[in-house]
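Q: Mind looking over this structure? Questions follow.
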Amino acid sequence: MIVAEQKPIQAILATLQGADSVLLAGCRGCVTVCGAGGEKEVRVLASLLKSARNEQGRPIRVDTAVVERQCEPEFVDELPYSRDDHDAVLSMACGAGVQLVAERLQDAIVLPALDTTFIGVSEGKGTWVERCKACGDCKLHLTAGICPVTRCSKGLLNGPCGGSSNGACEVDPSIPCAWQLIVDRLERLGMLDRYEEIIMPADWSEYGKPSSMDRGDIK
Amino acid sequence: MEINQGTEVRKKGALQGILEQGRFAVTAEAGPPRGARPEVMAHKASILKGFVDACNVTDNQTSVVRMCSLAASSILLDHGIEPVMQMVCRDRNRIAAQSDALGAYSLGINNLLCLSGDHQSFGDHPMAKGVFDIDSIQLLAMIDRMQTEGRFSGGDEVQGRPALFLGAAANPFADPFRIRVPRLAKKAAAGARFIQTQCVFDVPRFEEWMQGVRERGLHEKLFILAGITPIKSLKMARYMASKVPGMSVPQELLDRLKGVEKKKRKTEGIKIAVETIQKMMEIPGVSGVHIMAIEWEEAVPKIVEGAGLVPRPSGRA
Ligand code: SF4
Ligand code: SF4
């Protein structure tokens, strides 16, 4: 899933400087699961904003709404935004959601409340780790199911480099070396001979430009 | 206009010649200056001349900005030293790498060492974006294909093939140890002809690795040059032992340095380097040594002389 975290409250307040009323919009997708932009976080942020602005002597009206997914037009269109009532929409979705809200509400000022950080998995309660950079040319079948594009600091497809030491990456001892993990797993699977196949350079042709996908079969 | 399609047009370099004649080769290393000062390379050349067969020119080593290895290699060449131009994947994508390889060969550079490169976080620009479009093995395979098939990575024809003598690095001391020999095999398959290793302080571990290399017959496909670094001080030895990932410095060596007076430690460091070279010459499959005297080029002539490796042969058939 997509992992995000809330921006510091001061940064959010700064973006709301000119607004006296705002629609705070949460999302029940990934950001609910990672505890950054779901129902609960919307409630907490709304009250934080109100009390901070009361303290500043410039109260703000905060209306809230949580939709199923901010990355789909049909749900975004459910947002109870009105230009007369709201000076801005503060979205608690990932960056993609924020942008779809802006696209659907052509006359609204749409602001992000979160920093979208990565595509990752949960590693126990409250911990998420990055696992995929959406490179568009998945190599996991060649690397024992461990992504070197994401998890090797240099993205080496034929690692490890000479800095791999005691299972740790040369860049930071707290980061496991992806290639140590790959080699260990290949060995466990009895496939260490696969290590010697040279993995060809990645095809980045779909990566450097805005991607889109058109699937006729599900239209 | 006639275009050179073959690889026979230019004579081989001295390093390749010496290795192919089965003689024990000596290379050293010279870091380019942190400024537009060609005289620095000229000075390093004057120190090394007559003591080495070729000299590596590092490529923004440890991710610190320096004069580019292509220009610095060309300056060495002008001053009578055959360069081994280092090329890292951190700072150039596949387009730039192929272009620089063509440029290097055209300027008379014969040897190219293909490396992944240190991560940018180690240097003076940790905020930079590392390129890493390809890795060192893919870089080797790409340049090798330009030379043997006459094709660029994208498939188009190379109109005038270079004939660079391709090298790679190997670290027998990094983890995981069990793939260190297979990794060397991968580099050989990708087109490497010679290898320069990480500094050898831990001779037993190096020998263990070399045994694996010989079992796979890799010493017959690759010329292996063992890395030698003279230790300047106890501080440097301790730093390498504890702070440099993938470096093995045995305790005996630290003790030996500690046992001599502070002002005699430099001499001791050179002595250790000479002894290590002598051990390397005894190991079957080791074709030479690569002396990395980091910002201490003056040590190289002493070490080479101490090991009885002067005068250097010409390398020309
Ligand atoms: S190779 Fe890695 S970054 Fe690319 S799609 Fe697969 S998991 Fe994602
Ligand atoms: S130590 Fe491992 S994870 Fe880190 S850059 Fe080298 S190969 Fe990649």
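The values are calculated or read from the model by the stated rules, or taken from the named source; none is laboratory data. What you see is a predicted model, and the numbers here were worked out from it, not measured in a lab. Cβ sites come from the backbone with ideal geometry, for glycine too, and all protein chains shown count toward neighbours. The area values use the complete protein model at the heavy-atom level, side chains included, leaving out ligands, DNA and RNA. Shrake-Rupley method; radii C 1.70, N 1.55, O 1.52, S 1.80 Å.
Q: With the condition kept exactly as written, say whether any residue in the range B:209-225 is in contact with a helix residue (DSSP H, G or I) (Cβ under 8 Å, 6 or more places away or on another chain) and under 28 Å from residue B:267 (Cβ atoms).
A: Among the residues of the range B:209-225, not one is in contact with a helix residue (DSSP H, G or I) (Cβ under 8 Å, 6 or more places away or on another chain) and under 28 Å from residue B:267 (Cβ atoms), which makes the answer no.
Q: In addition: Of the numbered conditions (1) touching a residue at least 60 places away in the same chain (Cβ under 8 Å); (2) open to solvent by 20 Å² or more (accessible area, probe 1.4 Å); (3) assigned to a strand (DSSP E or B); (4) more than 8 Å from ligand 1 (Cβ to nearest atom), residue A:126 satisfies every one except a single condition; which is it?
A: All conditions pass for residue A:126, except number (3).
Q: Given the range B:178-259, what helices (runs of 4 or more DSSP H) lie entirely inside it while holding 2 or more residues that are more than 27 Å from residue B:295 (Cα to Cα) and either open to solvent by 20 Å² or more (accessible area, probe 1.4 Å) or of a type in the set (Ser, Thr, Tyr) (or both)?
A: B:180-190, B:203-215
Q: If a residue counts only when it is aliphatic (A, V, I, L, M) and in contact with a Lys or Arg (Cβ under 7 Å, 6 or more places away or on another chain), which helices (runs of 4 or more DSSP H) contained entirely in the range A:1-116 have at least 1 such residues?
A: Result: A:73-76.
Q: Filtering the range A:167-210 down to residues that are in contact with a strand residue (DSSP E or B) (Cβ under 7 Å, 6 or more places away or on another chain) and not in a strand (DSSP E or B), which residue is farthest from ligand 2 (Cβ to nearest atom)?
A: A:167
Q: Might you let me know whether the range B:122-133 holds any residue that is among the aliphatic types (A, V, I, L, M) and crowded, with 21+ Cβ neighbours inside 10 Å?
A: The answer is no, given that none of the residues of the range B:122-133 is among the aliphatic types (A, V, I, L, M) and crowded, with 21+ Cβ neighbours inside 10 Å.
Q: Could you list, in sequence order, all residues of the range B:14-44 that are outside any strand (DSSP E or B), crowded, with 21+ Cβ neighbours inside 10 Å and of a type in the set (A, V, I, L, M)?
A: Within the range B:14-44, B:14, B:15, B:18, B:19, B:41 meet the criteria.
Q: Counting only residues that are under 26 Å from residue B:92 (Cβ atoms), within 14 Å of ligand 2 (Cβ to nearest atom), part of a loop (DSSP other than H, G, I, E, B) and away from every other protein chain (no Cβ under 12 Å), how many does the range A:140-166 have?
A: 2
Q: So, one more: Quick one: which of A:206, A:170, A:197, A:187 is away from ligand 1 (no atom under 14 Å from the Cβ) and either open to solvent by less than 20 Å² (accessible area, probe 1.4 Å) or within 30 Å of residue B:155 (Cβ to Cβ) (or both)?
A: After ruling out the rest, the residue left standing is A:197.
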